[in-house]
Amino acid sequence: MADVVVGKEKCGEQRLVSLPLSRIRVIMKSSPEVSSINQEALVLTAKATELFVQYLATYSYKHGSGKEKKALTYSDLSTTAEGSETFQFLEDILPKKILASKYLKMLKEKREEDEEEEDNDNESDDEAES
């Protein structure tokens, strides 16, 4: 593996990885536990990331509405993250899209509920003091 040039084409050979290794290195170095990164670890991380993204896209396409449209959409990915136990850890990263007006309405309702709970807590505290 040492004589394979990674990230660049060498004599017309196909690249081993498609993702930019410099960016992956920056992301890996952003972790405080990482002091140095072995080139092989960098390549393996890049390849594993590519395979994961490929699997996520394929799974989302097959189990979503992508087959009908012959396209993979964000909603296919978010549905996969929400519905599949394998990809459940991505649920916060790929949330379902909602309209801003719907979000604002939900936020307003939540604030009203919180205010009601505070009022109820204050009333029960007043009764307990009596």
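The values are calculated or read from the model by the stated rules, or taken from the named source; none is laboratory data. Quick caveat: nothing in here was measured; it's all calculated off a predicted structure. Neighbour counts are summed over all protein chains in view; Cβ atoms, including those assigned to glycine, are modelled from backbone coordinates with ideal geometry. With ligands, DNA and RNA removed, areas are computed over all heavy atoms of the protein, side chains included. Shrake-Rupley method; radii C 1.70, N 1.55, O 1.52, S 1.80 Å.
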TODO: Please specify each residue of the stretch 74-92 satisfying the condition of being farther than 14 Å from Val53 by Cα, in contact with a helix residue (DSSP H, G or I) (Cβ under 9 Å, 6 or more places away or on another chain) and not in a helix (DSSP H, G or I).
DONE: Ser84, Glu91, Asp92
Task: Filter result for Ile24 (open to solvent by less than 60 Å² (accessible area, probe 1.4 Å), in a loop (DSSP other than H, G, I, E, B) and either among the hydrophobic types (A, V, I, L, M, F, W, C) or at pLDDT 90 or above (or both)) - done: no
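The rows are residues; the columns are (1) surrounded by fewer than 10 Cβ atoms within 10 Å (Cβ to Cβ); (2) modelled with pLDDT of 90 or more.
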| residue | (1), (2) |
| --- | --- |
| Gln39 | no, yes |
| Lys70 | yes, no |
| Leu94 | no, no |
| Ile98 | no, no |
Task: Count of the stretch 72-86 residues which are in contact with a Ser or Thr (Cβ under 7 Å, 6 or more places away or on another chain) and either among the charged types (D, E, K, R) or open to solvent by 90 Å² or more (accessible area, probe 1.4 Å) (or both) - done: 1
Task: Matching entry among Lys102, Lys108, Lys62 (being surrounded by 11 or more Cβ atoms within 10 Å (Cβ to Cβ) and assigned to a helix (DSSP H, G or I)) - done: Lys62
